[in-house]
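Trainee: Structure below; questions to follow.
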Amino acid sequence: MHFDALPHNIVRSDRRVLFVDWPHARLGAPFVDVLTVLASAGGTGIDLDRLLAGQSVVTAGTEPAVLDGVLAALTGFWLAGGLAEMPPGLLPVAAAKLALGRGALCWLQSRVTSTGSWRPSCR
């Protein structure tokens, strides 16, 4: 798995999609990369659960609670990175992590809300 499948590491051309920047590659569950890509679009209004359902080959046999747990870990990682002290030259990195964390939190909140009547404010 790539383990850093975020928009800044994905290059798209007319014919193909390339994943670049592999220093964190490792063995693991491929659904982690799928969650990472989808979570990066959290808060955009895209139906991420519908897109996740379309990834049944990658998520086959994975309990929803496991997906939510990994999504919660990604969310916490990004929010912590976004709130950490950074040298002035790295402030854009902190802002990007904070944006990722907020979007992932929005998706996570919508996934774990059982009644469906409450919708997080995702902007």
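Each value in this text was obtained by applying a stated rule to the coordinates, not by laboratory testing. Computed from a prediction, not measured in an experiment: that's the story for all the values here. Here the Cβ is made from the backbone with ideal geometry for all residues, glycine too, and neighbour counts use every protein chain on show.
Trainee: What shape does the chain have by the C-alpha gyration tensor, where a ≥ b ≥ c are the square roots of the eigenvalues, rounded means a/c under 1.5, and otherwise prolate means a/b greater than b/c and oblate the rest?
Mentor: Values: a/c = 1.59, a/b = 1.10, b/c = 1.46.
Oblate.
Trainee: Still on this model: Report, in debye and to the nearest 20, how large the dipole of the stretch 7-112 comes out about its Cα centre when Lys and Arg carry +1 and Asp and Glu carry -1 on their Cβ.
Mentor: Working: 8 positive and 8 negative charges, 42 e Å.
About 200 debye.
Trainee: Which residue fluctuates the most in the chain, going by a Gaussian network model with Cα springs under 10 Å, if the choices are Gly61, Gly101, Gly45?
Mentor: Between Gly61, Gly101, Gly45, it is Gly61 that shows the largest mean-square fluctuation.
Trainee: Here is a follow-up. So which residue, out of Val58, Val34, Val17, gets the largest mean-square fluctuation from a GNM of the chain using Cα contacts under 10 Å as springs?
Mentor: Comparing Val58, Val34, Val17 in the GNM, the peak value goes to Val17.
Trainee: While we're looking at this one, here's another question. Could you tally the net charge around Asp68, taking each other residue with its Cβ under 12 Å from the Cβ of Asp68, Lys/Arg +1 and Asp/Glu -1?
Mentor: Spelling it out: positives minus negatives among the neighbours equals -1.
Trainee: Looking only at Arg15, Arg26, Arg102, which one moves most when the chain is put into a Gaussian network model with springs between Cα atoms under 10 Å?
Mentor: The residue that fluctuates most here is Arg15.
Trainee: I would also like to ask the following. Add +1 for every Lys or Arg and -1 for every Asp or Glu among the other residues with Cβ under 13 Å from the Cβ of Leu35, and state the total.
Mentor: Working: positive: Arg111; negative: Asp4, Asp33, Asp49, Asp68.
Combined, the nearby Lys, Arg, Asp and Glu give -3.
Trainee: Helices from the chain with mean Kyte-Doolittle at least 0.5 and a Cα length along the axis of 15 Å or more, per DSSP H: which? Write down the numbers at each step before the final one.
Mentor: Numbers: long enough: 64-83 (28 Å, 1.46); 91-112 (31 Å, 0.84).
Helices meeting the span and hydropathy rule in the chain are 64-83, 91-112.
Trainee: So, one more: Could you give the nm distance between label points at Val11 and Leu27, where each point is 7 Å from its Cα heading toward the beta carbon?
Mentor: So the label points at Val11 and Leu27 sit 2.9 nm apart.
Trainee: Oh, and also: With a/c under 1.5 counting as rounded, go ahead and sort the stretch 12-68 into rounded, prolate or oblate using the C-alpha gyration tensor (a ≥ b ≥ c being the square roots of the eigenvalues; past the cut-off, prolate if a/b is larger than b/c, else oblate).
Mentor: Numbers: a/c = 1.72, a/b = 1.18, b/c = 1.45.
Here the stretch 12-68 falls in the oblate category.
Trainee: For the chain, what is the mean residue ellipticity at 222 nm derived from helices alone (per DSSP H run of n ≥ 4: -39500 (n - 2.57); sum divided by total residues; nearest 500 deg cm²/dmol)? All intermediate terms of the calculation are to be shown ahead of the outcome.
Mentor: Working: 5 runs with 61 residues, N = 123.
Mean residue ellipticity, 222 nm, calculated: -15500 deg cm²/dmol.
Trainee: Assuming 0.36 nm per residue, please report the length gained on full extension of the stretch Thr62 to Ala94 beyond their Cα-Cα distance. Write down the numbers at each step before the final one.
Mentor: Values: separation 32, 0.36 × 32 = 11.52 nm, distance 3.14 nm.
Working it through step by step, the gained length comes to 8.4 nm.
Trainee: Tell me, what is the FRET efficiency for Asp4 and Gln55 to the nearest 0.05, using R0 = 22 angstrom and their Cβ-Cβ distance as r? Could the numbers behind the result be given before it?
Mentor: Details: r = 18 Å, r/R0 = 0.84.
My answer for the efficiency is 0.75.
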